[in-house]
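What follows is a short report on a single structure.
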Protein chains: 2
Amino acid sequence: MRYLEDFSEGQVFELGEETIREQEIVDFARRFDAQPFHVDPEAARRSIYGGLIASGWHTGSLFMGMLVRGLIHEVASLGAAGLDELRWLKPVRPDDTLRGRLTVLGTRFSTKHADRGSLTCLGEMFNQRGEPVLLIRWSAMIARKVSIR
Amino acid sequence: MRYLEDFSEGQVFELGEETIREQEIVDFARRFDAQPFHVDPEAARRSIYGGLIASGWHTGSLFMGMLVRGLIHEVASLGAAGLDELRWLKPVRPDDTLRGRLTVLGTRFSTKHADRGSLTCLGEMFNQRGEPVLLIRWSAMIARKVSIR
């Protein structure tokens, strides 16, 4: 298990990749973001996007999935209080293969809780052409080693 | 259909409510955010949250669903480039009933595309005790009326 003390500014973690399919784009959007360019291929073709694109909430959730499977499953994570910035830089389209990466921007011990601290992170996702499609900045709460003493 | 010109600063839209169930919390998190406090009721009980809580990506996606059903389905929406801030203010737990609200913070015509502009929004979600659980600030792209002339 990794604790806050195991991270340092500048560390980079590659989070693996995943290919997104049209059916999953449509299923997610029908439940959570049923705008025409997310659920209706024909309406999407006539939109400014020229074809079906994934909901940004879906893209963000896919990044989170990669982050948990690629790193957080072995981190003493305590959740997060929010996101400081999220950018959908390029549309994500059916059959795009997305690759995730996490860069540590900084670590800080909590002054309120001796057993934890925050990890400030930059999350990025790229498509199969290497184009950035998603950028997220946020601070995650992580347990300190002292919490297991 | 509502266009950018139909919105003005200070407008408030109530987006309805929805009750979230344990099974949906677990299903979403297994796919996108399988941290123990989102997928394992027993591990969640032992966590700092004292019980199962929804993934923040799930909470945000639920807000988006309410926003689309409660307002965007009748708006000439063109998507969004990102979020400027997102806060998960309180944990969302099984059987919580969430209520969504959108406040218009401002509107601005695009200087680049004469047929569209941006709507700056504050999105909020409250639980059945009236406690805020989610806050989001972002700008949405909306078509102008000129786009249909």
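Is it true that residue B:37 is more than 18 Å from the chain's Cα centre (by Cα), in contact (Cβ under 8 Å) with a residue 40 or more places away in the chain and surrounded by 15 or more Cβ atoms within 10 Å (Cβ to Cβ)? Walk me through how you get there before you give the answer.
On the way: more than 18 Å from the chain's Cα centre (by Cα): yes; in contact (Cβ under 8 Å) with a residue 40 or more places away in the chain: no; surrounded by 15 or more Cβ atoms within 10 Å (Cβ to Cβ): yes.
When the stated conditions are applied, residue B:37 does not pass them.
Kindly indicate whether residue B:82 is under 23 Å from residue B:21 (Cα atoms) and open to solvent by less than 20 Å² (accessible area, probe 1.4 Å).
On the way: under 23 Å from residue B:21 (Cα atoms): no; open to solvent by less than 20 Å² (accessible area, probe 1.4 Å): yes.
No.
So, in region A:91-113, how many residues would count as being over 24 Å from residue A:10 (Cβ atoms), within 14 Å of another protein chain (Cβ to nearest Cβ), of a type outside the set (Val, Ile, Thr) and crowded, with 17+ Cβ neighbours inside 10 Å?
Taking region A:91-113 first, the residues over 24 Å from residue A:10 (Cβ atoms) are A:91-97, A:112-113.
Restricting the remaining residues to those that are within 14 Å of another protein chain (Cβ to nearest Cβ) gives A:91-93, A:112-113.
Remaining after also requiring of a type outside the set (Val, Ile, Thr): A:91, A:93, A:112-113.
Imposing the further condition that a residue be crowded, with 17+ Cβ neighbours inside 10 Å reduces the set to A:91, A:93.
Selection size over region A:91-113: 2.
With the condition kept exactly as written, say whether any residue in region B:110-122 is closer than 23 Å to residue A:31 by Cβ and touching a Leu at 6+ places or on another chain (Cβ under 9 Å).
First, pick out the residues of region B:110-122 that are closer than 23 Å to residue A:31 by Cβ: B:121.
Cutting the leftovers down to touching a Leu at 6+ places or on another chain (Cβ under 9 Å) gives us B:121.
Yes; the residues of region B:110-122 include at least one that is closer than 23 Å to residue A:31 by Cβ and touching a Leu at 6+ places or on another chain (Cβ under 9 Å).
Here are B:139, B:118: which of them is among the polar types (S, T, N, Q) and either in contact with a helix residue (DSSP H, G or I) (Cβ under 9 Å, 6 or more places away or on another chain) or farther than 30 Å from residue B:88 by Cα (or both)? Before the answer, list the steps.
On the way: B:139 fails: either in contact with a helix residue (DSSP H, G or I) (Cβ under 9 Å, 6 or more places away or on another chain) or farther than 30 Å from residue B:88 by Cα (or both).
B:118 is the lone residue from the list that is among the polar types (S, T, N, Q) and either in contact with a helix residue (DSSP H, G or I) (Cβ under 9 Å, 6 or more places away or on another chain) or farther than 30 Å from residue B:88 by Cα (or both).
Run down A:116, A:129, A:45, A:30 and say which single residue is surrounded by fewer than 15 Cβ atoms within 10 Å (Cβ to Cβ), basic (Lys, Arg) and within 13 Å of chain B (Cβ to nearest Cβ). Full working, then the answer.
Working: A:116 fails: surrounded by fewer than 15 Cβ atoms within 10 Å (Cβ to Cβ); A:129 fails: within 13 Å of chain B (Cβ to nearest Cβ); A:45 fails: within 13 Å of chain B (Cβ to nearest Cβ).
Going through A:116, A:129, A:45, A:30 in turn, just one is surrounded by fewer than 15 Cβ atoms within 10 Å (Cβ to Cβ), basic (Lys, Arg) and within 13 Å of chain B (Cβ to nearest Cβ): A:30.
Keeping to region B:55-70, report how many residues are more than 7 Å from chain A (Cβ to nearest Cβ) and either touching a strand residue (DSSP E or B) at 6+ places or on another chain (Cβ under 6 Å) or under 22 Å from residue A:44 (Cβ atoms) (or both).
6
Against the definition (open to solvent by less than 40 Å² (accessible area, probe 1.4 Å), of a type outside the set (A, V, I, L, M) and either in a helix (DSSP H, G or I) or in contact with a strand residue (DSSP E or B) (Cβ under 6 Å, 6 or more places away or on another chain) (or both)), how does residue A:73 come out, yes or no?
On the way: open to solvent by less than 40 Å² (accessible area, probe 1.4 Å): no; of a type outside the set (A, V, I, L, M): yes; either in a helix (DSSP H, G or I) or in contact with a strand residue (DSSP E or B) (Cβ under 6 Å, 6 or more places away or on another chain) (or both): yes.
In short, no.
Looking at region B:48-65, which of the residues that are of a type in the set (Gly, Ala, Ser) and outside any helix (DSSP H, G or I) is most open to solvent (accessible area, probe 1.4 Å)? Steps first, answer last, please.
Initial filter on region B:48-65 (of a type in the set (Gly, Ala, Ser)): B:50-51, B:54-56, B:60-61, B:65.
Of the ones still in play, those that are also outside any helix (DSSP H, G or I) are B:50-51, B:54-55.
Values: B:50: 49, B:51: 11, B:54: 8, B:55: 1 Å².
Checking each candidate, the answer is B:50.
Considering each residue of region B:76-89, count those that are in a loop (DSSP other than H, G, I, E, B) and of a type in the set (D, E, K, R), and give that number.
1
Only residues that are without any contact (Cβ under 8 Å) to a residue 40 or more places away in the chain, in contact with a Phe, Trp or Tyr (Cβ under 9 Å, 6 or more places away or on another chain) and on the phi > 0 side of the Ramachandran plot: list them for region B:78-136, please.
Scanning region B:78-136 gives no hits.
Please go through region B:3-27 and pick out each residue that is under 20 Å from the mean Cα position of the chain (by Cα) and open to solvent by 70 Å² or more (accessible area, probe 1.4 Å).
B:9, B:12, B:14, B:17, B:21, B:22, B:27
Would you mind telling me which numbered condition in (1) surrounded by fewer than 18 Cβ atoms within 10 Å (Cβ to Cβ); (2) in a helix (DSSP H, G or I) residue A:68 fails?
Among (1) surrounded by fewer than 18 Cβ atoms within 10 Å (Cβ to Cβ); (2) in a helix (DSSP H, G or I), residue A:68 violates only (1).
The values are calculated or read from the model by the stated rules, or taken from the named source; none is laboratory data. Just so it is clear, the model here is predicted, and its values are computed rather than measured. Glycine gets a Cβ as well: all are built from the backbone with ideal geometry, and neighbour counts include every protein chain shown. Protein only, heavy atoms only, side chains kept; ligands, DNA and RNA dropped before computing areas. Shrake-Rupley method; radii C 1.70, N 1.55, O 1.52, S 1.80 Å.
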